[in-house]
Amino acid sequence: MNVSLGGRLQWTGFEDAPKTSFVYLSTPAEKFRSAMMKRTYGKVRRGNKSVKHPKMRVTSIVQAFGGQLAIDQFGAFRSLKFAGSYAVHLPLSRDYKLSFGTNAGLSSRTFLADKAQVLTSITGAGNDALYNAQISGGNQNIMDIDAGLYFYGKGLYVGFSGMQLTRDLVKFGNLNANFSPVMHFYGSAGYRFEVNSRLDISPGFLVRYVPNAPVTLEANVLFDFNKTYWIGTSYRHLDAVAVLAGINISEKFRIGYSFDLSISRLIKYNSGGHELVLSFLFGKSNRSFSRI
């Protein structure tokens, strides 16, 4: 079982800036019967007989289960998400696999009235119907479903995923509040170059699309030394640059840290963001962390 916990502080120094805390866990299920693939380029001749090519063992179909607990707070809004996850890895050949995963759970969204500043609360005059709806009736709970596809093998990976796919189709609790969740879509790709036995270089990119918002592009490169520690850098178009580093303390424990600095106009109001992730591996002693 792999357990990761961490937190992120964005735009430090900015009042009520976004902050996130999370715990993720995942574990593989028992492997199913090995998949088999037949060669398809004909038969071989052995003496006077025509013999079919033998079947080749490709790999096993693997399933995995997991869960997550995440808390996000930004300004006057807070979200608590609890979800379970499932993934299946399907062999396409000896070297490549296709994985499908889904994440389903509940998000409880809260409006923090003491952190909101509206004209009616400041002056004591008038009536803000939206504000009154947000603070009445408590939390709003929304069904949250994410899904994604991931193709990988021999250092290459290509992924596509969507989050908040059901928006607020199913909700209960404070139905008067208007949190209006929107779908997010992500595309990513990258490749790991094995320079030598001690150094891997992994460039990659991430594209994010949110309806009615500009497309976000992020490029990154990671240098992995001796499968033990890594450093890297990332550039988010017109928004921020980041540096990251990490180390495998042992086969069962690793730590990662990143610092990002705004390059937009927000640089005048914050001193950067910090993220720290701790990962623990429990189970068989012959398992260890791996990097794609």
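Strictly over 23 Å apart at the Cα level, which of K97/K252; K81/K252; K154/K227; K19/K227; K81/K115 would you flag in this model?
K97/K252; K81/K252; K19/K227
What is the extension gain from I263 to F185, computed as 0.36 nm multiplied by their sequence separation minus the C-alpha to C-alpha distance, in nm to one decimal?
Working: separation 78, 0.36 × 78 = 28.08 nm, distance 2.39 nm.
Between I263 and F185, full extension yields 25.7 nm more.
In Å, what is the Rg of the alpha-carbon atoms in segment 108-249, and how long is Dmax?
Rg and Dmax of segment 108-249, Cα atoms, are 21.8, 70 Å.
Quote to one decimal, in nm, the extra length available between V88 and L156 on full extension: 0.36 nm per residue of separation minus the C-alpha distance between them.
Working it through step by step, the gained length comes to 22.6 nm.
Dipole size in debye (nearest 20) for segment 158-292 around its Cα centre, Lys and Arg Cβ +1, Asp and Glu Cβ -1?
240
Can you sort L222, L69 from fewest to most other Cβ atoms within 10 Å of each residue's own Cβ?
Fewest-to-most ranking of L222, L69: L69, L222.
Between N141 and K252, with labels modelled 7 Å along Cα→Cβ, what's the label distance in nm to one decimal, could you check?
3.7
Every number here is computed from the coordinates shown, using simple stated rules; none is lab data. Since this is a predicted model, take the numbers as computed values, not measurements. Every residue, glycine among them, receives a Cβ derived from its backbone with ideal geometry; neighbour counts consider all protein chains shown.
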